[in-house]
Amino acid sequence: MHCTKAGFVPGARGRARTFMHHAALFVIAAGLAIGAASAAVPDAVTPDGGQYYGPLVDSKLQGKGKIRWTNGNTYDGNFEKGLFSGNGEMHFEKGSKYKGDFVNGRFQGKGRFDLAGGEYYAGEFSSNEFTGYGVHQGKNGVRQAGTFKKWQLEGPGRLSDAAGNTYEGIFTDGKLNQPGRYISKDGGRYEGDFKDGKLDGMGIYRSADGDEYKGSFAHNRYNGGGILTYASPQKDGHSKDIGIWSYGTLVDEAADRQSEANVETALYGQRALLDKTFATIAPHAPGKINLYLLAVAGDGSQEVFRRETAFVRAQFDRDFGTQGRSMVLVNSRNTVAEQPMATVTSIRESLNAIAAKMDKENDILFLYLSSHGSQSHELSLAQNGMTLRNLEAKELAKLLAATGIRWKVVVVSACYAGGFIDPLKDAHTMVIAAARRDRTSFGCADDNDFTYFGRAFFQKSVPASASFSEAFDKAKALVTAWEADDTQLKDEDGEILHSEPQMYHNAAIDAYLKKWRAQATAPTTHAAQAK
């Protein structure tokens, strides 16, 4: 998931720009078909079918003329011995155009190349390439000025992104890779080393609020030795943080010691915690469809996942009658001695323990997983100080199939969660994902109570909806609106790659959930009978 962490310099992002070579080379060879001198008839036809209107010398295009091709390309300007030479203007079929100097049929000298959407390159060209000093204005407000080589900044230059941030220095392949300067839209300033367009190395950053950090950076974050001096004393009175930083966070030696203690606690206590939890799971209550909840907070590096699963469990126990039939697996720096951890093994054993207590043909399992996710569609399982194996989408599918549980609702709140849908879906399973299989989701800051999707679905939409599918539709609209309003999510072009939550469901699971919902909200004496 996308995270906004302490020590992150706002607006600083890597610059990677690939430019298509839009300019086509048209060299006019000998062998022209000479026509009659009439306004309606071309003076010559080029070997590639272009109709030429203008003077000829020794059967070659010479002087000021124009060519029209059947694909819509046109050229108006000077010719020398059959080649574009001197000043001219070339229009291409898809709307782009070049106006400027030509030499031997190529863009050469001063000129301007315009593309659709207001994008253009203006400055020096060489052998059909934008090479030399010039300006590139992007479609979405990105502006670059300086020395270019083959359409990219190369050497001294300045880049202003759509958000209003500015980068100055020596560019390589369109990115800052040497000492330079960064000025954020809110007034923050950085001077120091860059690598691949990011703050990386030694430097000084002064925020708009007056805070100043001197030290080492990596990937736009404080990383390594450094001193952060605050413009105003903090709540506890201190005005400086000095020490080793790890990606924006000052390393806390006490926290490291606690992490080591957690490892030992887990080694000796987790088995007992897991068995104790299994013993509290209530068996199937006859005469109705029972809902069982398993909630998993996968990544212990950020507390938002723990808070979110705690909310979901309390909500389902209160509103959907899962009390005694719900459990959570949590990776957190605060709960190792109190709650079972989330590992591939504990997830497998928990699914099997729940399956052993429920009516696998008629009861419903609601599985909620909240964590970071990867492009290879793995759910992060991480506990500070421990190395845990991540849960792959295909492995989760096997674990669920092995339980024999028929009716299931699986909600995955993680980046790239859409990649879990195909492995998990079947005729009796609803699968909800916080993001498309190739998109990130947002809101996983350590101090947040919810991720964007968790808040939208569970807190805002489920209580006001008659079904999980209705809640999903409402949540998707909320997430899209929140993402559009969050300026920190915009890239250098001012665009947002929305998470685009996904859902798989069918008539069978919808009908069965409707039947459960009806008996879950009806008076106990009128509960619907499971068939």
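The values are calculated or read from the model by the stated rules, or taken from the named source; none is laboratory data. The model shown is predicted, which means the values in this text are computed figures rather than measured ones. Ideal geometry is used to build each Cβ from the backbone, glycine not excepted, and the neighbour counts take in all protein chains shown.
Residue 110: at pLDDT below 95, in contact with an Asp or Glu (Cβ under 8 Å, 6 or more places away or on another chain), surrounded by fewer than 18 Cβ atoms within 10 Å (Cβ to Cβ) and among the basic types (Lys, Arg), yes or no? No; evaluated as a whole, the condition is false for this residue. Restricting region 162-174 to residues that are touching a strand residue (DSSP E or B) at 6+ places or on another chain (Cβ under 8 Å) and surrounded by 19 or more Cβ atoms within 10 Å (Cβ to Cβ) leaves a set whose member that is nearest to residue 119 (Cα to Cα) is 174.
Return yes when residue 455 is basic (Lys, Arg), in a helix (DSSP H, G or I) and crowded, with 18+ Cβ neighbours inside 10 Å and no when it is not.
Numbers: basic (Lys, Arg): yes; in a helix (DSSP H, G or I): yes; crowded, with 18+ Cβ neighbours inside 10 Å: yes.
So residue 455 fits the description; yes.
Taking the criterion of being surrounded by 17 or more Cβ atoms within 10 Å (Cβ to Cβ) and of a type outside the set (Phe, Trp, Tyr), the residues of region 435-444 that qualify are 435, 436, 437, 439, 440, 441, 443, 444. Residue 449 meets each of the listed conditions (1) closer than 13 Å to residue 370 by Cα; (2) surrounded by fewer than 20 Cβ atoms within 10 Å (Cβ to Cβ); (3) at pLDDT 95 or above apart from (3).
Pick from 369, 379, 388: which is in contact with a strand residue (DSSP E or B) (Cβ under 8 Å, 6 or more places away or on another chain) and at pLDDT below 90? Walk me through it before giving the result.
Details: 369 fails: at pLDDT below 90; 379 fails: at pLDDT below 90.
None of the other options fit; the residue is 388.
When residue 430 is tested against the conditions (1) within 19 Å of the chain's Cα centre (by Cα); (2) of a type outside the set (Gly, Ala, Ser); (3) closer than 22 Å to residue 327 by Cα, the lone failure is (1).
Report yes if some residue within region 82-96 is among the basic types (Lys, Arg) and either within 19 Å of residue 57 (Cβ to Cβ) or part of a strand (DSSP E or B) (or both); otherwise report no. Walk me through it before giving the result.
Looking only at region 82-96, we keep the residues that are among the basic types (Lys, Arg), and these are 94.
Next, from what is left, pick out any that are either within 19 Å of residue 57 (Cβ to Cβ) or part of a strand (DSSP E or B) (or both): none.
So far as region 82-96 goes, no, none of its residues is among the basic types (Lys, Arg) and either within 19 Å of residue 57 (Cβ to Cβ) or part of a strand (DSSP E or B) (or both).
Residues that are hydrophobic (A, V, I, L, M, F, W, C) and either touching a helix residue (DSSP H, G or I) at 6+ places or on another chain (Cβ under 7 Å) or in a helix (DSSP H, G or I) (or both) within region 342-365 comprise 344, 347, 351, 353, 354, 355, 356, 364, 365, listed in sequence order. Within region 130-151, identify whether any single residue is farther than 30 Å from residue 104 by Cα and either loosely packed, with under 15 Cβ neighbours inside 10 Å or without any contact (Cβ under 8 Å) to a residue 12 or more places away in the chain (or both), and answer yes or no. Scanning region 130-151 turns up at least one residue that is farther than 30 Å from residue 104 by Cα and either loosely packed, with under 15 Cβ neighbours inside 10 Å or without any contact (Cβ under 8 Å) to a residue 12 or more places away in the chain (or both).
Residue check: residue 528 meets all listed conditions (1) modelled with pLDDT of 95 or more; (2) of a type in the set (Gly, Ala, Ser); (3) closer than 22 Å to residue 319 by Cβ; (4) surrounded by fewer than 20 Cβ atoms within 10 Å (Cβ to Cβ) but one, namely (1). The single condition from (1) within 28 Å of residue 164 (Cα to Cα); (2) assigned to a strand (DSSP E or B) that residue 117 fails is (2). Screening residue 329 with (1) crowded, with 21+ Cβ neighbours inside 10 Å; (2) in contact (Cβ under 8 Å) with a residue 40 or more places away in the chain; (3) in contact with a strand residue (DSSP E or B) (Cβ under 6 Å, 6 or more places away or on another chain); (4) within 30 Å of residue 483 (Cα to Cα) gives one miss only, at (2). Please work out if residue 147 is among the hydroxyl-bearing types (Ser, Thr, Tyr) and over 19 Å from residue 125 (Cβ atoms). In short, no.
Considering only region 211-241, state which residues are of a type in the set (D, E, K, R), at pLDDT below 90 and part of a strand (DSSP E or B). Full working, then the answer.
Of the residues in region 211-241, the ones of a type in the set (D, E, K, R) are 211-212, 214, 221, 235-236, 240-241.
Remaining after also requiring at pLDDT below 90: 235-236, 240-241.
Answer for region 211-241, where residues must be of a type in the set (D, E, K, R), at pLDDT below 90 and part of a strand (DSSP E or B): 240, 241.
Mind telling me which of the residues 432, 421, 405, 354 ends up being in contact with a strand residue (DSSP E or B) (Cβ under 8 Å, 6 or more places away or on another chain), surrounded by fewer than 22 Cβ atoms within 10 Å (Cβ to Cβ) and among the hydrophobic types (A, V, I, L, M, F, W, C)? Sole residue among the options that is in contact with a strand residue (DSSP E or B) (Cβ under 8 Å, 6 or more places away or on another chain), surrounded by fewer than 22 Cβ atoms within 10 Å (Cβ to Cβ) and among the hydrophobic types (A, V, I, L, M, F, W, C): 421.
One residue is enough: does region 276-289 have a residue meeting the conditions touching a residue at least 12 places away in the same chain (Cβ under 8 Å) and either in a strand (DSSP E or B) or crowded, with 24+ Cβ neighbours inside 10 Å (or both)? Checked against the condition, which is being touching a residue at least 12 places away in the same chain (Cβ under 8 Å) and either in a strand (DSSP E or B) or crowded, with 24+ Cβ neighbours inside 10 Å (or both), region 276-289 yields at least one hit.
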